[in-house]
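Visitor: Got a structure here, written out as structure tokens. Questions coming.
The values are calculated or read from the model by the stated rules, or taken from the named source; none is laboratory data. Every value quoted in this text rests on a predicted model; they were computed, and no experiment measured them. FYI the Cβ positions are ideal-geometry reconstructions off the backbone, even for glycines, and counts take in every protein chain you see.
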């Protein structure tokens, strides 16, 4: 079983965002089945990937003058703050907290975020590229 089907999650029609999302889904699914020895390293990798992805999206929003930049960037900060709290627990060996975050929080958040905020960003970029 996978947390998010790699073939079924919503693509947003932006190559950079979609590529990063594919990597996120792959890492998330690997974490779900990871053993205790590999879980902390994979969790850290997913956190770093997410930080880098958000930074890239923040640049895209700024460069394209995305009207909902403040709201979208604020969501990035909120999620990174939550992620950091769970990473701190995983770093201390409290893997059950990280596993719960991976299984119960991230898949639902990701699918909603991609289908709303990221889709709107990609549509804005694509519309302005054609002008």
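Visitor: Which is within 28 Å of residue 13 (Cα to Cα) and more than 16 Å from the chain's Cα centre (by Cα), of 114, 73, 123, 96? Reasoning before the result, please.
Guide: On the way: 114 fails: more than 16 Å from the chain's Cα centre (by Cα); 73 fails: more than 16 Å from the chain's Cα centre (by Cα); 96 fails: within 28 Å of residue 13 (Cα to Cα).
One residue alone meets the criteria, 123.
Visitor: Would you pick out the residues in segment 60-93 that are in a helix (DSSP H, G or I), closer than 30 Å to residue 127 by Cα and in contact with a helix residue (DSSP H, G or I) (Cβ under 8 Å, 6 or more places away or on another chain)? Before you say what the answer is, go through the steps one by one.
Guide: Of all residues in segment 60-93, those in a helix (DSSP H, G or I) come to 60-64, 69-91.
Going one step further and asking which of them are closer than 30 Å to residue 127 by Cα, we end up with 60-64, 69-80.
Result: 60, 61, 62, 64, 69, 71, 72, 73, 75, 76, 79, 80.
Visitor: Select, from 57, 51, the only residue that is at pLDDT 95 or above, surrounded by 19 or more Cβ atoms within 10 Å (Cβ to Cβ), closer than 16 Å to residue 75 by Cβ and out of contact with any helix residue (DSSP H, G or I) (no Cβ under 6 Å at 6 or more places or on another chain).
Guide: Details: 51 fails: surrounded by 19 or more Cβ atoms within 10 Å (Cβ to Cβ).
Only one candidate qualifies: 57.
Visitor: While we're looking at this one, here's another question. Condition check: free of Cβ contacts under 8 Å to residues at least 24 places away in the same chain and under 16 Å from residue 119 (Cα atoms). Does residue 78 satisfy that?
Guide: Working: free of Cβ contacts under 8 Å to residues at least 24 places away in the same chain: yes; under 16 Å from residue 119 (Cα atoms): no.
Here the answer is no, as residue 78 does not meet what is asked.
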